[in-house]
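The values are calculated or read from the model by the stated rules, or taken from the named source; none is laboratory data. Only a predicted model underlies this, so the values are computations on that prediction, with no experimental measurement involved. Don't worry about glycine lacking a Cβ; one is built from the backbone with ideal geometry, like all the others, and counts go over all protein chains shown. Keep in mind that these areas ignore ligands, DNA and RNA; they rest on the heavy atoms of the full protein, side chains included. Shrake-Rupley method; radii C 1.70, N 1.55, O 1.52, S 1.80 Å.
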Amino acid sequence: MLAAMTLALTACSGEAEEPEAPADDGMQEGDDPAAADLPEGSTMAELAEAGSIRIGTKFDQPLFGLQGPDGVPEGFDVEIGTIIAGELGIAPEDIEWVETISANRESFIETDQVDLVVATYTINDTRKERISFAGPYYEAGQSILTLASNEDIQGPDDLAGAKVCTVSGSTPEANLLENFPDTEVVPFGAYNECLDPLKNGQVDAISTDNVILAGFAADDDELEVRGEPFTEEPYGIGLAKDDDEFRNWINDVLEEIFEDGRWTEAWESTAGTVLPTPEPPAVDRY
Amino acid sequence: MDLISENLPALFAGFRLTLQLAVYSGVLALALGLLLAAMRVSPLRPLSLFSAAYVELLRNTPLTLVFFFMYFVAPQFGVPAFSFLWVAVIALSLYTAAFVSEALRSGINSVGVGQAEAARAIGLTFGQTLSQVILPQAVRSVIPPLINVLIALTKNTSVAAGFGLVELIGVGRRLSTANAGDPWVWVGVAVFYLLITIPAGLLAGVVERKVAFAR
């Protein structure tokens, strides 16, 4: 163990002077091949050298990113972020989790407040103009949650004339406005703030990605997800625009973990506790 | 720039709701604030204590928290769920009334105590003293702080964006999402806020000059 650490240290200190040699050392040692393989000057090498990473995630989404009592978020997004950090040789305790909400993810990346965003972050063209996406690592779809006692709303087709709560400025809000012109969209600040108005009868339903709704329904027998998803929401990992090296590297990591079972393991220990385990999606190297 | 002109109808709808919130809440807050100020200076101890407690509680609580109480706590105690607009108007009015009351009280205190004593000496009741002697003089010194309170109220309506209302900020968020976070959206939103607050400031200047008198 000590020997391995010494070797790793020499490898690190050698890196600055002799770019070629340390990579070989690392490979032979087999200690942490991914971290040692990183190209000089790349974002990955910088992060690995710093030994820490700032990852933006949600703090209010059960199953994906929900802040626990110790302040550290838990969920599938957090697992994916942890795996990527691990591939850079960064330990889970050296990850700084930054809360990002739907409305501020692009600007957090652009202003370099986070290195990555793994936050139920739908890949779309307008966002690609400001940031880049690796992934997708999961395909969600927008769906409807209502009270179990509600007889009128059985699925997306019954939304005409209904009041539907969602988050102000989110993609689900934009989808509702576009697909259901006869629906009154009621925006709140966070998805969990929609629950009280739903139970008080101030809104008829909540709409966002099925996985988020499933988290609420899993915690509360009064709530039910109704109907099939009506959109495709590929969740990607947000990073600085045009950092293609970093993007390709994350895509490689994702394909690796789709194959070796770590992705399935991460899913089953988090969202998989209430949702069926899907097939991993195909990475989109646009 | 084109973005603003293309989305004028949406921005205008948000502007209307913001104006509605500001005007409804402003009227209610002025009425409630006047009542609270009258209670505060009244000779009846319980009334003045109640008013003082109310003002201290609301003035020292973040507005967002007042909204949270209205939406998530009050319904648990059987308060019926109104429309989102009226819940927001009530929250804004309750909060702003505390500041109105303080502005009025400082105005009332600025009127010499001899005025009140003289009014009582000629047999006016407390209500008559307040409405016919003290307040007409107090108005002159409370116009600037009251307009400040109302301008703050106009800006505070933006808190309602997180509570089911698509006012200017809510419209801004929608347009921002639809246009990849184009910063011009927020320039447009700011201009519409200024359309309310700058005329309010100018109006304050005019009213102040109208009621001014040489001491």
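In segment A:106-153, which residues give up 20 Å² or more of accessible area once the other protein chains are added, compared with their chain alone (1.4 Å probe)?
For segment A:106-153, once contacts with the other chains are taken into account, A:Thr126, A:Arg130 lose 20 Å² or more.
Of B:Val66, B:Ala119, A:Ile250, which is farthest along the charge dipole of the protein assembly as shown in the positive direction, counting Lys and Arg as +1 and Asp and Glu as -1 at C-beta?
Towards the positive end, the residue furthest out is B:Ala119.
For labels at B:Ala180 and A:Ser42 in the simple 7 Å Cα→Cβ model, what's the distance in nm?
Placing both labels 7 Å beyond Cα along the Cβ direction yields 2.6 nm.
Using a Förster radius of 25 Å, what is the FRET efficiency between B:Gln137 and B:Arg209 based on their Cβ-Cβ separation? Nearest 0.05, please. Before the final figure, lay out the partial values.
On the way: r = 17 Å, r/R0 = 0.66.
Computed FRET efficiency for B:Gln137 and B:Arg209 comes out at 0.90.
Between B:Val79 and B:Ala52, take the C-beta separation as r, use R0 = 25 Å, and let me know the FRET efficiency to the nearest 0.05. Before the final figure, lay out the partial values.
Working: r = 25 Å, r/R0 = 0.99.
For R0 = 25 Å, the calculated efficiency reads 0.50.
Please average, across the residues of A:99-105, the number of beta carbons from any other chain that are within 10 Å of each residue's own beta carbon, and give a whole number.
Details: counts 0, 0, 0, 2, 5, 1, 1.
Mean shielding by partner chains, rounded to a whole number: 1.
Can you find, among B:Ala10, A:Gly215, B:Ala38, the residue sitting farthest towards the positive end of the charge dipole of the protein assembly as shown, where Lys and Arg contribute +1 and Asp and Glu -1 at Cβ?
After comparing all options, I get B:Ala38.
Can you compute the charge dipole magnitude of the protein assembly as shown about its Cα centre, using +1 on each Lys and Arg Cβ and -1 on each Asp and Glu Cβ, nothing else charged? Give it in debye, rounded to the nearest 20. Could the numbers behind the result be given before it?
Values: 26 positive and 71 negative charges, 1281 e Å.
Taking the Cα centre of the protein assembly as shown as origin, the dipole is about 6160 debye.
Roughly how many whole Å is it from the C-alpha centroid of segment B:44-82 to that of segment A:193-237?
So the two Cα centres are separated by 31 Å.
Counting alpha carbon pairs within less than 8 Å and at least 6 residues apart, what relative contact order, in whole percent, applies to segment A:39-180? Present the calculation step by step, with values, prior to reporting the outcome.
Working: 156 pairs, mean separation 31.4, N = 142.
Relative contact order here is 22 percent.
Please give the residues from segment A:185-206 for which the solvent-accessible area of heavy atoms, probe 1.4 Å, is smaller by at least 40 Å² with all protein chains in place than with the chain isolated.
A:Pro187, A:Phe188, A:Glu193, A:Asp196, A:Asn200, A:Gln202
For every helix of n ≥ 4 consecutive DSSP H residues, a contribution of -39,500 (n - 2.57) applies; sum these over chain A, divide by its total residues, and give [θ] at 222 nm rounded to the nearest 500 deg cm²/dmol.
Values: 12 runs with 109 residues, N = 286.
After summing the helix terms and dividing by the residues of chain A, the value is -11000 deg cm²/dmol.
Give the average, rounded to an integer, of partner chain Cβ atoms located within 10 angstrom of each Cβ in B:170-178.
6
Could you work out the relative contact order of segment A:142-226, using alpha carbon pairs under 8 angstrom and six or more residues apart, expressed as a whole percent?
On the way: 150 pairs, mean separation 38.4, N = 85.
Rounded, it is 45 percent for segment A:142-226.
When you look at the Cβ of every residue in B:62-75, what mean number of other chain Cβ atoms sits within 10 Å?
Details: counts 0, 0, 1, 0, 0, 1, 2, 0, 0, 6, 5, 1, 1, 6.
Mean partner-chain Cβ count within 10 Å for B:62-75: 2.
With a 1.4 Å probe and all protein chains left in place, how much accessible area per residue does segment A:142-226 have, in Å²? Don't skip to the answer; put the middle values down first.
Details: 3040 Å² over 85 residues.
That works out to 36 Å² for each residue.
At 0.36 nm per residue, minus the direct Cα-Cα distance, what do A:Asp244 and A:Glu93 gain on full extension? Give it in nm, one decimal, please. Could the numbers behind the result be given before it?
Numbers: separation 151, 0.36 × 151 = 54.36 nm, distance 2.72 nm.
Stretched fully, the A:Asp244-A:Glu93 segment lengthens by 51.6 nm.
Helix hunt in chain B: which complete DSSP H runs extend at least 30 Å axially by C-alpha with mean Kyte-Doolittle at least 0.5?
Numbers: long enough: B:8-41 (48 Å, 1.66); B:84-110 (39 Å, 1.24); B:184-211 (40 Å, 1.55).
In chain B, the long hydrophobic H runs are B:8-41, B:84-110, B:184-211.
Which of A:Gly141, A:Ile206, A:Gly86 sits farthest toward the positive end of the charge dipole of chain A, with +1 on the Cβ of Lys and Arg and -1 on the Cβ of Asp and Glu?
Checking the options against the dipole of chain A, the answer is A:Ile206.
Sort the following peptides by mean Cβ neighbour count (other Cβ atoms within 10 Å, averaged over residues), highest first: A:173-179, B:108-114. Provide the component values of the computation, followed by the final result.
On the way: A:173-179: 18.1, B:108-114: 13.0.
Result, highest mean first: A:173-179, B:108-114.
Interface size between chain B and chain A, please: total buried accessible area, 1.4 Å probe, rounded to the nearest 100 Å². Before the final figure, lay out each step's value.
Numbers: alone 11660 and 13430 Å², together 23420 Å².
Adding both sides of the contact gives about 1700 Å².
Please work out the FRET efficiency for the pair B:Ala31 and B:Ala121, using the Cβ-Cβ distance as r and a Förster radius of 35 Å; give the result to the nearest 0.05. Intermediate values should be presented prior to the final figure.
On the way: r = 30 Å, r/R0 = 0.87.
Computed FRET efficiency for B:Ala31 and B:Ala121: 0.70.
To the nearest 20 debye, what is the magnitude of the charge dipole of chain B about its Cα centre, counting +1 on the Cβ of each Lys and Arg and -1 on the Cβ of each Asp and Glu? Write out the running numbers ahead of the final one.
On the way: 13 positive and 8 negative charges, 123 e Å.
Using only the charged Cβ atoms, the result is roughly 600 debye.
With every protein chain present, what is the per residue accessible area of segment B:11-104 (1.4 Å probe, Å²)? Don't skip to the end; give the middle numbers.
Values: 4460 Å² over 94 residues.
That works out to 47 Å² for each residue.
Would you work out what percent of the accessible area of the protein assembly as shown, with all protein chains in place, is carbon or sulfur (probe 1.4 Å)?
Numbers: 13390 of 23420 Å².
Looking at the protein assembly as shown in its full context, I get 57 percent from C and S.
Can you flag which of A:Lys163/A:Lys241; B:Lys155/B:Lys210; A:Lys241/B:Lys155; A:Lys163/B:Lys155; A:Lys58/A:Lys199 are past 29 Å Cα-Cα?
Working: A:Lys163/A:Lys241 37 Å; B:Lys155/B:Lys210 26 Å; A:Lys241/B:Lys155 34 Å; A:Lys163/B:Lys155 27 Å; A:Lys58/A:Lys199 24 Å.
Checking Cα-Cα distances, A:Lys163/A:Lys241; A:Lys241/B:Lys155 exceed 29 Å.
Sum -39500 (n - 2.57) across every DSSP H segment of at least 4 residues in chain B, then divide by the residue count to get the 222 nm mean residue ellipticity, nearest 500. Could you put the intermediate results ahead of the total?
Numbers: 9 runs with 157 residues, N = 215.
Value at 222 nm, helices only, nearest 500: -24500 deg cm²/dmol.
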